[in-house]
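Please read the structure below before turning to the comments.
Nothing in this text is a laboratory measurement; each read-out follows from the coordinates by a stated rule. Remember, predicted model here, so these are calculated numbers, not experimental data. Methodologically, a virtual Cβ is constructed for each residue, glycine included, from the backbone with ideal geometry; neighbour enumeration extends over all protein chains shown.
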Amino acid sequence: MAHIVTLIPGDGVGPELSEAARRVLDASGAEIEWEVQQAGQNVMAAEGTPLPERVLASIRRNKVGLKGPITTPRGGGIRSVNVALRKALDLYACLRPCKHYPGVRTRFEGVDVVVVRENTEDLYAGVEFEEGSAEARQIVSLAEGRIREDAAISIKPISRFASERIVDFAFRYAVENGRRKVTAVAKDNIMKATDGLFYRAARDVAKQYEGQVEYDEWLVDAMCMQLVQKPELYDVLVLPNLYGDILSDLCAGLVGGLGVAPGANIGDECAVFEAIHGSAPKYTGQNKVNPTALILSGALMLRHLGEGQAAGRVEQAVSAVIAEGKSVTYDLKPSRDDPTAVGTREMAEAIVAAMG
Ligand code: NAD
């Protein structure tokens, strides 16, 4: 039976990347019926919101979505559609496997790290008070001299519930995918209350997996240095939201950049698969950017749907096309103005051809 999947093309370069990913996934051997739902800047004028309820309803119904990037206008009080989607569907786990594919130019060979980022709380909770507001003044007075009077304040909530849930997700992922170690990363020497709770919750969960998966801990600053010096020592990293955001870009950089880094946002009910990168507005409509990240996100989706063989076929074809280095986009060529670079569509076609 066909899997029904919500496809959100997104905006900027999203629609062309989604088309490329759809083309490849349709050729993977898995049967997928796409339910296309527009969201983002393109629907703002007509529907008054970049994230209409029909989009959420479609994902709730189908349980699975593949999403192109969506632009978040800077300032102006509009919150990110991407963040809103994760919140509305309680997609609490952000999964970012960062694996090096031979042929992708990087300073590091053989990196294979999976970043698991908590998606629902921390400084992303959106609890913020402008400088001079009544709430900010109240907090300043509670802090008894430790906060300046003219400070704006962002609140960092870390709960035991969300910490245990994300760490358990990381361990389950490790068990199901044959990974050997989970490393919890935060900074409890400074944030004793919040990050201290994160580590305590992580240790409690780790006990349930003793003998199955190793557990260790690093402070986030030291972890950054470890990752650029000895990335091969790390396997699955689990982090609160903000550190996870930063380290997943760092790990994407280790394996060759945003063009090749897939991702997923997963909850107990639904999952939405998307590349790490954004809508790269300056390249909109140019058939230029790399479809690999969204295609590999699609492969993660296939695995999630129990289509492991089709996922393997997609990953192998991507790997073969990148290793050959011929039909690849500008960012995978030795120089960014290489005239032999192909477009988004042509790279997707080469991947389809490599699946045989
Ligand atoms: P970006 O990831 O869109 O692009 C930054 C640069 O990275 C691009 O200019 C390009 O040089 C390169 N790049 C990105 N994707 C590439 C690809 N597939 N192939 C080749 N090169 C690629 O980051 P940005 O410019 O900071 O953000 C643009 C918009 O996207 C913002 O509005 C931001 O909020 C949004 N965004 C959305 C998501 C999402 O939808 N999940 C994620 C991140 C950013």
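Taking amide H atoms as placed 1.01 Å from N in the peptide plane, the amide H of residue 68 lies under 5 Å from those of 8, 10, each 5 or more residues away in sequence or on another chain.
With N the number of residues in the chain, Rg(Cα) / (2.2 N^0.38 Å) evaluates to 1.01. Taking the Cα centre of the chain as origin and assigning +1 to Lys and Arg Cβ atoms and -1 to Asp and Glu Cβ atoms, the resulting dipole is close to 260 debye. Close amide H pairs (under 5 Å, H built 1.01 Å from N) link residue 271 with 64, 65, residues at least 5 positions away or on another chain. With helices as the sole contributors, the chain gives -12500 deg cm²/dmol at 222 nm; each DSSP H run of n ≥ 4 counts as -39500 (n - 2.57), and the sum is divided by every residue. Shown in residue order for segment 132-140 are the 3J(HN,Hα) couplings computed by the Karplus curve 6.51 cos²θ - 1.76 cosθ + 1.60 at θ = phi - 60°: x, 5, 4, 5, 4, 5, 4, 5, 4 Hz (x for Gly and Pro).
The alpha carbon gyration tensor of segment 222-323 gives principal lengths a ≥ b ≥ c with a/c below 1.5, which makes the shape rounded.
Cβ-Cβ distance of residue 192 and residue 57, R₀ of 51 Å, FRET efficiency by 1/(1 + (r/R0)^6): the value works out to about 0.75.
When cysteine pairs in the chain are screened for C-beta atoms closer than 4.7 angstrom, the residues that find no partner are 94, 224, 270.
Here's the picture: charge each Lys and Arg Cβ at +1 and each Asp and Glu Cβ at -1 in the chain, and of 259, 136, 354 the one pushed furthest to the positive end of that dipole is 354. Note on residue 4/residue 345: beta-carbon distance plugged into 1/(1 + (r/R0)^6) with R0 of 22 Å gives a FRET efficiency of 0.30. Less than 5 angstrom separates the built amide H of residue 216 from those of 182, 183, 184, all sequence-distant by 5 or more or on a different chain. How many percent of DSSP beta bridges within the chain run antiparallel, rounded to 5? Rounded to the nearest five, the antiparallel share is 40 percent.
Backbone phi angles across segment 242-249, fed through the Karplus curve with coefficients 6.51, -1.76 and 1.60 (θ = phi - 60°), yield HN-Hα couplings of 5, 4, x, 4, 5, 5, 6, 5 Hz in residue order; Gly and Pro are listed as x. Each residue, residue 155 and residue 180, gets one label point 7 Å from its Cα in the Cβ direction; the gap between the two is 4.3 nm.
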